[in-house]
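The values are calculated or read from the model by the stated rules, or taken from the named source; none is laboratory data. Since the structure is predicted, the reported quantities are computational estimates derived from the model, not experimental observations. Here Cβ is always computed from backbone atoms with ideal geometry, including for glycine, and neighbour counts include all displayed protein chains. All accessible areas refer to the heavy atoms of the entire protein, side chains included, with ligands and DNA or RNA removed. Shrake-Rupley method; radii C 1.70, N 1.55, O 1.52, S 1.80 Å.
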Amino acid sequence: MTKASSELAAWQARGGNHVWLPYAQMATMQVPPHMALRTQGSQIILEDGRVMIDGVASWWTACHGYNHPHIIKAMQAQLEVMPHIMFGGLNHEPALKLATRLAAMTPGDLARVFFVDSGSVAVEVALKMAVQYWLNKGVKGRSRFISFYHGYHGDTTACMALCDPDEGMHAHFKGYLPENTIAHIPRSEDDFAAFDKLLEKEAPRVAALIIEPLVQGAGGMKFHDIQTLRRIHALCAKHTILFIADEIMTGFGRLGHMFACQEAAITPDIMCLGKALTGGTMSLAAAIARPFIFDAFLHGVPLMHGPTYMANPLACVAANASIDLFESAPRLQEVAQIEQQLRVGLEACRKGKGVIDVRVKGAIGVVEMASLDEAQRTALKAAFAARGAWVRPFHNIIYLMPAFTISKEELKALIDVVVDVLLNASPILSAGNR
Ligand SMILES: *Cc1c(COP(=O)(O)O)cnc(C)c1O
C-alpha cells in the first residue's frame, strides 16, 4: 500500500464514524460506501484504483460529464478574482449574465431570476412567491398547494409536504408538515373531469399547483404525455391557480428539449431549476418568475428571502460555462442518440424476473420492478458496482440517467450490466423478504 492510500484508508476508518450519509440506515449499511478519488468524463475513479462508469451523472447533475475543461477553466479564472460576494445590495457580472441568459432561454416571458443554493430552496422560494403573490393582490386564504402522487420536490419541510405521501413521509411527520392536496395525474377523460372539479373546489384556498413536467423523477420515474401536461396547465389557468413547473430534474436537456415545458409549449408562472444548472460542479438553483408575479411585489412587503450564498459567483460562472456548452456542442442530439440506444438496449430487461415495465424518455431509461425491498436494492447496487457500473436503484426502480457526453461504448457497458444483472438476478431477487 502506498502512503497515500494508507492515509485514505485511515480517513475512511476515522471519518466514517463522523459523517451521516443520506437516505441510509447507518446501522445496517453492510458495505461501507466507496471512496471516490477523482472523476473524469463519465468515470468515477475509486481510491483502490477501480473505475466505475457513472450511470446516474452524480444525481442527474453532470450533464457534460465530469471535469469538463471549459467549465473548469471558467471557474479557475473566477476563483482568482472573487470566489464569493454577498448578493444583498451588490451584484456581479456572472449573476447578471446568467439571469439574462436564463430569462432568454426559458419559455415565454419568464424573466425574473431568484438565485438560491439548492433545488429544495428554489421550490421553497417558488412557494413563498406564490403565497405572497395572492396576499399582495389582497386575496386572503390561498396558502395551500396541489401536487401529485409520485412527485418529488425536495427534502426541506415545505417540499416534503408536496412529495408523494410515502416519499415525503407525510405520516411520519404529521403535525409538522403543512397540509396540501395531493392528486393523481389525470389520465382518462373521467380523471380530467374529476380533476377539473377538484381544482374548482380547491381554488379559493390554493396558491399554486406544482408539477415535474412530463417526467416525475425521484418519486417513481413516472411519465405523462404532452397533452396531459397542457391540459393540467390549462385547467390551472381556468381556475386562476398559479402553475409552478419544477424542472430541477427535467431542465437542461434531460428529456430531449432544453426544458420540458418547451416540448409542451407552455409557460409556467414560476419555474424551478437546479441540478444540471452548473453542469454538476457547484450547488446553484433558481426560481424564475413571470413579470406579473414579480410586479405584485413592487408595493408593500418585498420577497423576504436571501440565502447567504445566493448567486455565488463561482457557481454562476460554472452555470454560464455550462450554458456555453449547450450552445456550442450538440447536446440535444446526444440526448436523442442516448434515447435511441437506451430504447434498444434496455428492451431485453422485459424478460427479467419481476420486471413490469421498461420505458425511456430522453436520456432517462427506466426499468420498473413489481417490487424491490431494501435488501434487494442493496444487493443490486453491489452487483452493478462489482461490474463497474454506478447504478442506484430506488423504490422499485432501476434507472440510467448518464451524462450526455457518455460514449456509445460506455453506455453499452452500462446497459449490458443492467441487462445481465437483471436476467441473472434470481438469487438477488429471491434473497429479499418478498
Ligand atoms: C433533486 C430535486 C429537487 C431538490 O433539489 P436539491 O438540490 O436536492 O435540494 C427538487 N425537485 C426535483 C424535481 C428534484 O429532482
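Inclusion of Met221 among residues that are under 24 Å from Tyr399 (Cα atoms), touching a Leu at 6+ places or on another chain (Cβ under 9 Å) and not β-branched (Val, Ile, Thr) is not warranted. Looking across the range 223-249 at every residue that is of a type in the set (D, E, K, R) and away from the ligand (no atom under 16 Å from the Cβ), the one that is farthest from Lys128 (Cα to Cα) is identified as Asp225. Looking across the range 107-132, the residues that are away from the ligand (no atom under 16 Å from the Cβ) and either of a type in the set (Phe, Trp, Tyr) or more than 17 Å from His305 (Cα to Cα) (or both) come down to Pro107, Gly108, Asp109, Leu110, Ala111.
May I ask you to list the residues in the range 178-222 that are within 16 Å of the ligand (Cβ to nearest atom) and part of a loop (DSSP other than H, G, I, E, B)?
Once the filter is applied, which keeps residues that are within 16 Å of the ligand (Cβ to nearest atom) and part of a loop (DSSP other than H, G, I, E, B), the range 178-222 yields Asn180, Ile185, Glu212, Pro213, Leu214, Gly217, Ala218, Gly219, Gly220, Met221.
Picking from residues in the range 99-121 that are in contact with a Phe, Trp or Tyr (Cβ under 8 Å, 6 or more places away or on another chain) and within 11 Å of Ala286 (Cα to Cα), the one that is least open to solvent (accessible area, probe 1.4 Å) is Phe115. Asp373 meets each of the listed conditions (1) under 23 Å from Gly280 (Cα atoms); (2) surrounded by fewer than 21 Cβ atoms within 10 Å (Cβ to Cβ) apart from (1).
Would you call Arg392 modelled with pLDDT of 95 or more, of a type outside the set (Val, Ile, Thr) and over 24 Å from the mean Cα position of the chain (by Cα)? No, not satisfied.
Being of a type in the set (Val, Ile, Thr), within 17 Å of the chain's Cα centre (by Cα) and within 21 Å of Gly365 (Cα to Cα) holds for only one residue in Ile248, Ile270, Ile244, and it is Ile248. Can you say whether Val358 is assigned to a helix (DSSP H, G or I) and crowded, with 17+ Cβ neighbours inside 10 Å, as far as the supplied structure shows? Judged against the criteria, Val358 is not a match. If only residues of the range 133-170 that are within 16 Å of the ligand (Cβ to nearest atom) and part of a helix (DSSP H, G or I) are counted, the one that is farthest from Pro213 (Cα to Cα) is Thr157. Could we say that Ala74 is open to solvent by 50 Å² or more (accessible area, probe 1.4 Å), of a type outside the set (S, T, N, Q), more than 24 Å from the chain's Cα centre (by Cα) and away from the ligand (no atom under 16 Å from the Cβ) here? It is false that Ala74 is open to solvent by 50 Å² or more (accessible area, probe 1.4 Å), of a type outside the set (S, T, N, Q), more than 24 Å from the chain's Cα centre (by Cα) and away from the ligand (no atom under 16 Å from the Cβ). The set of residues in the range 255-277 being within 11 Å of the ligand (Cβ to nearest atom) and over 24 Å from Phe145 (Cβ atoms) consists of Ala276 alone. Restricted to the range 26-126, the set of helices (runs of 4 or more DSSP H) holding at least 2 residues that are at positive phi comprises 57-60. Scanning the range 48-71 for residues that are away from the ligand (no atom under 16 Å from the Cβ) and aromatic (Phe, Trp, Tyr) yields one hit, Tyr66. Take the range 229-263 and flag every residue that is more than 30 Å from Val139 (Cβ to Cβ) and among the basic types (Lys, Arg). Within the range 229-263, Arg254 is the sole residue that qualifies.
Filter the range 139-168 down to residues that are closer than 19 Å to Ala218 by Cα and touching a helix residue (DSSP H, G or I) at 6+ places or on another chain (Cβ under 7 Å) and give me whichever is most open to solvent (accessible area, probe 1.4 Å).
Ranking the candidates gives Asp155 first.
Report whether or not Thr181 is over 23 Å from Ala287 (Cβ atoms) and either touching a Pro at 6+ places or on another chain (Cβ under 6 Å) or open to solvent by less than 50 Å² (accessible area, probe 1.4 Å) (or both).
So Thr181 does not fit the description; no.
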